[in-house]
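Student: Got a structure here, written out as structure tokens. Questions coming.
The values are calculated or read from the model by the stated rules, or taken from the named source; none is laboratory data. Not measured: the values here are computed from a predicted model. Positions of Cβ are generated from backbone atoms using ideal geometry, with glycine treated the same way; all protein chains shown enter the neighbour counts. Side chains are part of the model used for accessible areas, which takes the heavy atoms of the whole protein and leaves out ligands, DNA and RNA. Shrake-Rupley method; radii C 1.70, N 1.55, O 1.52, S 1.80 Å.
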Amino acid sequence: MILNGNQRGGAKELAMHLLKEENEHVEVHQLRGFVSQNLVGALNEAYAISKETKCRRFVYSLSLNPPPNEWVSIADFEKALEQAEQRLGLTGQPRAIVFHEKEQRRHCHVVWSRIDIQTMKAIQLSHDHPKLKTLSRELFLEHGWTLPRGLVNSQERDAKNFTLAEWQQAKRIGKDPRQIKSAIQEAWAIADSKAVFPQALQQRGYVLARGDKGRFVALDGHGEVYAIARQLDVKTKAIREKLGEADTLPSVEEAKQQIASHMLPLIQQFQAELRAKAKHHKSVAKQEMLALVEKQRAERKAFLQKLAERQQQEALARQARFRSGVMGFWDKLRGTHKRIQQENEREAALAKQRDQQEKDRLIAEQLSQRKVTLEQLKTHQQQYRENQLGLNQDKAHFEKLKNPDLATLRDQFMKTAQPSRKQGKEPDRNKPSRDWTPSR
């Protein structure tokens with residue numbers, strides 16, 4: 001459980017922050033040591049008392065955040081905050097406990113007044129962060145949770161290195177080199193003239209172009225270049241005998257610009273469609289979540305009302321065990337009254353524990369319901385980010401194909417604009433040297 005605490009002031013602002021409606025559920029779990037029965041009034045009491053001292057940061061605010069996907073009961077939260085209270089030296093101080101539920105997790109906020117009423121001085125909180133860090137580590141070990149790490153190594157990609165240039169080229173664009181070779185060979189097999197071969201290649205996603213020294217090459221939709229002779233396993237002379245000279249074909253650079261001119265509008269269209277779909281899906285998911293939250297709020301309200309009615313009935317039943325009048329007086333003399341009182345207290349404690357467990361089960365079930373919806377939304381958002389990143393990369397790639405000179409100039413500018421790490425920082429001549437000592 002991650003514990004984050006700090007000293008602060010601003011009673012009203014803190015209360016509004018803890019009660020903000022962006023959370024799906026907000027519950028003021030406890031107000032201890034305050035006259036007021038609401039959070040705003042309680043924190044204002046702490047502020048009013050602090051006016052008699054010189055303390056400006058008169059409260060200590062602590063958040064308790066369990067690990068993602070871990071269920072923590074209210075009893076465990078209370079145990080953790082009691083330990084924190086003891087280690088911080090705030091035992092017995094007025095405090096407010098607020099539970100928040102947002103998305104698929106529940107966390108807790110605790111606010112203590114730092115002002116000791118007896119001495120009218122603020123309680124000194126020394127080394128609070130190391131203390132909380134130690135307690136947080138102990139809580140992780142106690143519950144068997146995986147300790148969080150500061151850095152997580154990203155998953156490495158396939159580390160295989162292939163020696164065949166064709167395989168490396170195909171891997172960059174995600175194609176099997178056998179499929180590439182097969183497509184070009186099929187186009188060659190059905191082509192009986194120089195006019196048919198480019199059309200056959202185009203149907204398979206390739207553009208015929210003129211390479212260096214008049215060689216025939218094919219470019220795919222990404223601008224990758226493939227030597228026709230190598231793909232067909234024939235000599236260039238044999239290709240010239242069938243297709244003639246390559247003088248009339250576009251050069252590789254011209255073919256790349258042609259491909260980019262056709263692909264850029266399509267990529268922009270894909271980007272617009274992707275944004276529209278993501279916006280629609282987010283709107284639908286938001287409406288579904290709002291409807292689910294409203295339904296859960298109604299369920300929880302009905303549950304709490306039913307719980308309160310049962311608690312009242314059970315309290316009346318326990319009170320009815322006491323006899324009144326002379327018989328009640330006789331029960332006190334015989335000790336019967338005390339035995340009934342002890343039995344009532346035991347049953348009340350068990351009933352409170354039962355009620356808390358039922359409430360925990362309801363909250364856990366509702367959190368699980370919201371988690372399903374949120375996981376679906378997160379999956380869609382992750383897919384959108386990946387698709388958008390891929391389209392952005394494709395767009396940049398085709399822009400570079402269309403304007404290679406401009407892209408080269410931009411790359412050179414970026415390299416020269418960034419200062420070299422090896423260059424030392426020029427010393428500030430107005431700053432005195434460390435060896436300088438003032439004259440006496």
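Student: What accessible surface, in Å², does a 1.4 Å probe find on Leu350, ignoring ligands, DNA and RNA and rounding to the nearest 10?
Tutor: 90
Student: Sorted by accessible area with a 1.4 angstrom probe, largest first, how do Trp71, Trp188, Trp112, Trp145 fall? Write down the numbers at each step before the final one.
Tutor: Numbers: Trp71 110, Trp188 50, Trp112 0, Trp145 30 Å².
These residues rank, largest area first, as Trp71, Trp188, Trp145, Trp112.
Student: Shifting gears a bit: Return the distance in nm (one decimal) between the two label points of a simple spin-label model at Ala291 and Glu254, each offset 7 Å from Cα along Cα→Cβ.
Tutor: For the pair Ala291/Glu254, the computed spacing is 5.9 nm.
Student: Between Gln269 and Val284, with labels modelled 7 Å along Cα→Cβ, what's the label distance in nm to one decimal, could you check?
Tutor: 2.3
Student: Here is a follow-up. State the percentage of accessible surface on the range 37-156 attributable to carbon and sulfur atoms; use a 1.4 Å probe and exclude ligands, DNA and RNA.
Tutor: Carbon and sulfur together cover 48 percent of it.
Student: With θ set to phi - 60° and the Karplus curve 6.51 cos²θ - 1.76 cosθ + 1.60, what are the ³J(HN,Hα) couplings of the range 292-307 in order, to the nearest whole Hz, using x for Gly and Pro?
Tutor: 5, 5, 4, 5, 5, 4, 5, 4, 5, 4, 5, 5, 5, 5, 5, 5
Student: On a 1.4 Å probe surface of the protein chains, which of Met327, Met120, Met1, Met289 comes out largest in accessible area, and what is the full order?
Tutor: Details: Met327 90, Met120 65, Met1 0, Met289 25 Å².
Greatest to least solvent exposure: Met327, Met120, Met289, Met1.
Student: R0 = 51 Å: FRET efficiency of Glu345 with Gln382, Cβ-based, nearest 0.05?
Tutor: 0.45
Student: OK, next. Please compute the length gained on full extension between Arg178 and Ala317, using 0.36 nm multiplied by the number of residues separating them and subtracting their Cα-Cα distance.
Tutor: Gain on extension, Arg178 to Ala317, equals 41.7 nm.
Student: Next question, about the same structure. What is the Cα centroid distance between the range 347-381 and the range 6-34, reported in whole angstrom?
Tutor: First find each Cα centre; the distance between them is then 22 Å.
Student: Given Lys282/Lys378; Lys102/Lys359; Lys277/Lys378; Lys12/Lys51; Lys194/Lys235; Lys256/Lys277, which pairs have Cα atoms separated by over 19 Å? Present the calculation step by step, with values, prior to reporting the outcome.
Tutor: Details: Lys282/Lys378 10 Å; Lys102/Lys359 17 Å; Lys277/Lys378 15 Å; Lys12/Lys51 15 Å; Lys194/Lys235 17 Å; Lys256/Lys277 31 Å.
Those over the limit are Lys256/Lys277.
Student: With a Cα-only, solvent-free Debye model of the range 265-393, what are the log10 I(q)/I(0) values at q = 0.21, 0.22 Å⁻¹?
Tutor: -1.14, -1.19
Student: In units of 2.2 N^0.38 Å, what is the alpha-carbon radius of gyration of the range 15-105?
Tutor: Numbers: Rg = 14.3 Å, N = 91, 2.2 N^0.38 = 12.2 Å.
That ratio works out to 1.17.
Student: Related question: Amide H neighbours of Gly211 under 5 Å, counting only residues 5+ apart in sequence or on other chains, H built in-plane at 1.01 Å?
Tutor: Phe216, Val217
Student: So which trypsin sites (Lys or Arg not before Pro) in the range 48-149 are both in a DSSP loop and have at most 15 other Cβ atoms within 10 Å of their Cβ?
Tutor: Those that pass, being in a loop and sparsely packed, are Lys51, Lys54, Arg56, Arg57, Arg149.
Student: Quick one: which of 8-18, 40-50 comes out on top by average Cβ neighbours within 10 Å, and what's the full order, highest first?
Tutor: Sorting 8-18, 40-50 by mean packing, highest first, produces 40-50, 8-18.
Student: Over the heavy atoms of Glu52, what accessible area does a 1.4 Å probe trace out, to the nearest 10 Å²?
Tutor: Surface open to solvent at Glu52 totals about 140 Å².
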